């Protein structure tokens, strides 16, 4: 009966390195979302998945960012050639089904990424 | 473009007070509105979801109202407790945007014992 699980909880990386962030949604949730929360800023939408497809990638800030989802479950957000401005908390959320009016989002605790 | 504003940005009250947090949005064509709570270093916890056809939702000491035509929602917290201290965020979604949420900046609430 676990909630949304994200790993790692903290990641420190050197500028220029690639990182992978993982999200395990709640079992049975077909919709999965990635958001970014930067210090002093609100939550910024990155991408969402319905099943394994990503109908909306419009929030990805650059082509260094990519995400995939396999088996309608686990999702990985990859940041290539990290920059200091990528430092933020990356939050994953899932919901029972996309587009349902009464389906709330359930968030994980996030991955805090620090690029040095 | 949808914009969500929350007032006040921060609020400090003594324990036991009833309080109201405000949220306004610029585009009234919303699908639903959600209120979340975020504790330091944690993710967001969904508190209440109001569908666009509804006027209010209640859960325990929390009551959220929605006036879609004026672009406003309020979160009412009755008999506040120190454990209510957190940042409260409201977010709206549109069906045409895949139910992705647009968030306000949040209200940081401190309830003093």
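Couple of notes before you dig in:
- Residue B:17-residue A:85 FRET efficiency (beta carbon distance; Förster radius 35 Å; 0.05 resolution): 0.30
- Under the criterion of Cα pairs below 8 Å and six or more residues apart, the relative contact order for the stretch A:11-61 equals 24 percent.
- Rough spin-label spacing in nm, given labels placed 7 Å along Cα→Cβ, for residue A:2 and residue B:27: 3.6
- Residue A:97 versus residue A:41: modelled label distance in nm, points set 7 Å from Cα along the beta carbon direction: 3.4
- Those residues of the stretch B:30-50 whose amide nitrogen sits under 15 Å from the label point placed on residue A:112, 7 Å along Cα→Cβ: B:39-44
- Seen through its C-alpha gyration tensor, with square-root eigenvalues sorted a ≥ b ≥ c, the protein assembly as shown comes out prolate because a/c lies at 1.5 or above while a/b is bigger than b/c.
- Extending 7 Å from the Cα toward the beta-carbon at both residue B:58 and residue A:62 defines two label points whose distance is 5.1 nm.
- Partner chain coverage, peptide B:37-49 - average Cβ within 10 angstrom: 4
- Euclidean distance between Cα centres, the stretch B:43-87 to the stretch A:45-116, Å: 26
- Contact order, relative form, for the stretch B:54-113: 26 percent (alpha carbon pairs under 8 Å, 6 or more residues apart, mean separation divided by residue count).
- Mean Cα-pair separation over length for chain B, i.e. relative contact order, pairs under 8 Å, 6 or more apart, %: 37
- With N as its number of residues, chain A has a Cα radius of gyration that, divided by 2.2 N^0.38 Å, comes to 1.01.
- Efficiency of FRET from Cβ geometry, residue B:9 and residue B:78, R₀ 25 Å, rounded to 0.05: 0.65
- Relative packing of peptides B:33-43, B:15-25 - highest average C-beta neighbours within 10 Å first: B:33-43, B:15-25
Each value in this text was obtained by applying a stated rule to the coordinates, not by laboratory testing. On a predicted model such as this, the values are computed, not experimentally measured, just so you know. Backbone-built Cβ (ideal geometry, glycine too); neighbour counts: all protein chains shown.
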